[in-house]
Amino acid sequence: MKEYTRKNKYKNEITYYKDIRFSSKKEMQRYKELELLESTDYICNLELQKKFLLQEGYTNAKGKKIRPIYYIADFCYYDYIDNKWVVEDTKGVRTEVYKLKKKLFEYKYNLTIDEL
């Protein structure tokens, strides 16, 4: 299993584990925890970098194409203990764009993003 790191603009280190790219060591560590939980049947359907549509793309009145807006969750899975879907994001820096997307996501999908 390969593990190596590289720094990015928020001073966290890009990390690889099992050839999966993680934005930080914290995110990689959480993945390892969730992997263990999935192997012991506490959770299932673990997905990484799941994309949620927040707003459809469209063409405005002037003919300009407006791209769709997405929120990409670090992890999404079903929790057998709490009988619910969980969406998680490991954050070091909560940017203004993230805060806005979080509000849109929680309104549209009626789910809460668990921030670690």
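The values are calculated or read from the model by the stated rules, or taken from the named source; none is laboratory data. Keep in mind the model is a prediction, meaning the values are calculated, not measured. Quick reminder, even Gly has a Cβ in these numbers, built from the backbone with ideal geometry, and neighbours come from all protein chains shown. The protein model used for the area step is the full one, side chains on, heavy atoms only, and it has no ligands, DNA or RNA in it. Shrake-Rupley method; radii C 1.70, N 1.55, O 1.52, S 1.80 Å.
So here's what we get for this one:
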item: Residue pairs, from the table Lys25/Lys51; Lys26/Lys51; Lys11/Lys62, whose Cα atoms sit over 31 Å apart; result: Lys11/Lys62
item: At R0 = 22 Å, FRET efficiency that the Cβ-Cβ distance of Arg21 and Leu53 yields, to 0.05; result: 0.45
item: Karplus-derived HN-Hα couplings along region 20-36 (A = 6.51, B = -1.76, C = 1.60, θ = phi - 60°), whole Hz, x at Gly and Pro; result: 9, 8, 10, 6, 7, 5, 4, 5, 5, 4, 5, 4, 4, 5, 5, 4, 5
item: Estimated [θ] at 222 nm from DSSP helical runs (n ≥ 4, -39500 (n - 2.57)) normalised by residues in the chain, nearest 500; result: -8000 deg cm²/dmol
item: Region 51-112: GluC sites (Glu not before Pro) in DSSP coil with no more than 15 other Cβ atoms inside 10 Å; result: Glu56
item: From the coordinates shown, semi-axes √(5λ) of the Cα gyration tensor in Å corresponds to which of (1) 24, 22, 12; (2) 21, 18, 12; (3) 28, 20, 13; result: (3)
item: Simple label model, 7 Å out from Cα along Cβ direction - Leu116 to Cys44, nm; result: 2.1 nm
item: Accessible surface, the chain, averaged per residue in Å² (probe 1.4 Å); result: 70 Å²
item: DSSP loop trypsin sites (Lys or Arg not before Pro) with at most 13 other Cβ within 10 Å excluded, longest remaining stretch of the chain; result: 19-61
item: Computed accessible area, Thr59, all protein chains, 1.4 angstrom probe, square angstrom; result: 80 Å²
item: Accessible surface of the chain, 1.4 Å probe, proportion on carbon and sulfur as whole %; result: 51 percent
item: Hits among lysines - C-alpha to C-alpha of Lys32 under 18 Å, sequence gap 8 or more where chains match; result: Lys2, Lys18, Lys50, Lys91
